[in-house]
Amino acid sequence: MKEVVFENAMTTLAQLQEREQRVLCRTYGRYPLSVARAFGCRLVDHQGREYVDLLSGIAVCNLGHSHAELLDVIREQAARLIHVSNLFYQEEQLVLAEKLTATCACDRVFFCNSGAEANEAAIKLARRYMQIIRGKNASEVISLSGSFHGRTLATLAATGQDKVKEGFAPLPEGFTTVAFGDFGSLEQAVNERTAAVLVEIIQGEGGVRPLDNAYLRMLQNFCATRGVLLMVDEVQTGMGRCGTFWAHQHAGLRPDVFTTSKALANGLPMGAMLCTEEAARGFVPGSHATTFGGGALTASVAAKVVDILQRDELPQRAERVGRMALDLFTGLRAIFPDQIVAVRGRGLMLGIELAFPGQEVWRALLDAGYVVNLTQDRILRLLPPLVIAEEDLRGFTQTLGEILERQEVKQS
């Protein structure tokens with residue numbers, strides 16, 4: 001990889017690690033990489049080494065890093081208005097809400113600061129809608145095994161992975177997990193106490209696992225028939241990543257509620273819950289709120305993100321480049337059938353499942369200058385910016401092949 005020379009390259013990874021040990025809570029297993037700056041689809045460490053970013057801040061920087069048009073918006077908006085709270089009308093917020101609702105079948109928006117908060121808002125809306133508007137004693141939310149919906153207590157309870165819940169008992173009641181992709185188990189779980197079903201179209205933390213379109217359409221019909229809200233977590237899959245503006249549009253879904261965050265403001269903290277006019281009846285002034293959500297600065301940046309995604313047809317590009325990448329990975333699997341179990345995903349949300357724990361392969365990729373994620377111990381997860389160059393994906397594939405070839409030699 002190309003190296004960039006800094007005027008002051010005195011900071012070392014070891015120094016940062018030592019300082020962190022003294023001042024930060026130990027909640028992250030860090031990558032052995034300190035990022036000094038980023039541009040386009042590249043990260044640069046403190047020594048000037050450049051890396052291909054195939055993670056984009058965990059599906060956040062869909063437009064890449066340091067996007068010139070976004071920097072202009074940040075400068076202009078910061079000079080005009082940053083924060084006054086949601087006690088006031090703010091045009092920036094309304095412009096963004098209008099742009100978002102124009103991309104989908106939902107009518108109203110609640111702004112917040114993160115994906116967990118967006119999912120928390122969805123859960124609260126579902127319960128209040130059922131109990132206050134529909135007059136039903138229904139509060140239960142059903143989710144799927146392998147799901148990940150956030151780290152607040154309620155969204156942890158909705159998450160279908162036991163490992164992230166350890167040590168946080170007792171979690172809030174009213175959440176049920178059913179088997180991923182097993183429609184029969186979901187049918188059996190729904191009862192008169194069920195308020196909503198919450199699903200990801202493609203599970204990210206769960207290993208890049210897509211739900212079948214037929215399953216999703218059955219789910220929508222079933223929820224409508226049973227009078228249960230259908231809620232979709234688009235925190236990771238939305239904003240063009242999966243080849244349509246929202247991943248649920250692949251299956252022709254019209255959810256009652258869906259959530260987004262990560263890529264909404266391309267790196268600034270922002271989340272949103274979108275819902276139909278009917279579901280929105282569940283909230284009234286005072287029933288839910290946030291201090292920072294939908295502030296003028298983040299709303300202005302997010303509105304520009306929506307504009308750029310549409311203008312540059314980046315969802316369509318994600319679909320096209322993603323198909324090319326899947327073809328490359330499928331070809332690699334044919335060469336290494338004993339080492340690659342499966343390749344899957346949609347658009348530029350991609351997973352390569354290894355037949356063995358993948359830490360060594362992940363680290364070799366990092367050493368070679370490619371930043372990817374390892375989830376579920378053996379799945380290489382790629383979430384590159386939607387502007388990633390095809391040659392970067394080809395270079396990654398070639399490098400991964402060389403690493404697997406060395407692994408094969410070592411094992412023989």
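No lab work stands behind these numbers, since they all come straight from the coordinates. All values reported here derive from a predicted model rather than from experimental measurement. Here the Cβ positions follow ideal geometry from the backbone for every residue, glycine too, while neighbour counts run over all protein chains shown.
Quick notes on this one:
- Per-selection Rg to Rh, the stretch 68-311 - Cα, Kirkwood hydrodynamic radius: 0.96
- From phi via Karplus (6.51, -1.76, 1.60), per-residue ³J(HN,Hα) for the stretch 199-208 in Hz, x at Gly/Pro: 9, 9, 5, 10, 6, x, 4, x, x, 6
- At 0.890 mPa s and 25 °C, Stokes diffusion of the stretch 1-143 via Kirkwood alpha-carbon radius, µm² per second: 123
- Length-normalised contact order of the chain in % [C-alpha pairs under 8 Å, at least 6 apart]: 21
- Principal semi-axes in Å for the stretch 131-254 [√(5λ), Cα gyration tensor, largest first]: 21, 20, 13
- The stretch 105-254 - percent relative contact order, Cα under 8 Å, separation 6 or more: 21
- Taking all Cα-Cα distances within the stretch 280-412, those exceeding 26 Å account for 39%.
- Long-range tail of P(r) for the chain (Cα pairs > 41 Å, %): 15
- Report summary: the helix-based calculation at 222 nm, which adds -39500 (n - 2.57) for every DSSP H run with n ≥ 4 and divides by the residues of the chain, gives -11500 deg cm²/dmol.
- The chymotrypsin sites (Phe, Trp or Tyr not before Pro) of the stretch 80-112 that meet both conditions, a loop assignment by DSSP and at most 15 other Cβ atoms within 10 Å of the site Cβ, are Phe88, Tyr89.
- Cα radius of gyration and Dmax for the stretch 61-199 (Å): 18.9, 55
- Nearest 10 degrees, 0 to 90: helix 390-411 Cα axis against the chain principal axis: 70
- Across the alpha-carbon atoms of the stretch 121-196, the computed radius of gyration and Dmax are 12.6, 36 angstrom.
- In the stretch 1-159, Cα pairs under 8 Å separated by at least six residues give a relative contact order of 14 percent.
- Inverse of mean 1/r across different Cα pairs in the stretch 170-218, Kirkwood, Å: 12.3
- Beta bridges by DSSP in the chain, antiparallel share as percent, to the nearest 5: 65
- DSSP beta bridge pairing in the stretch 68-311, given as percent antiparallel to the nearest 5: 40
- Of interest is the spacing of the C-alpha centroids, which for the stretch 135-158 and the stretch 58-134 amounts to 22 Å.
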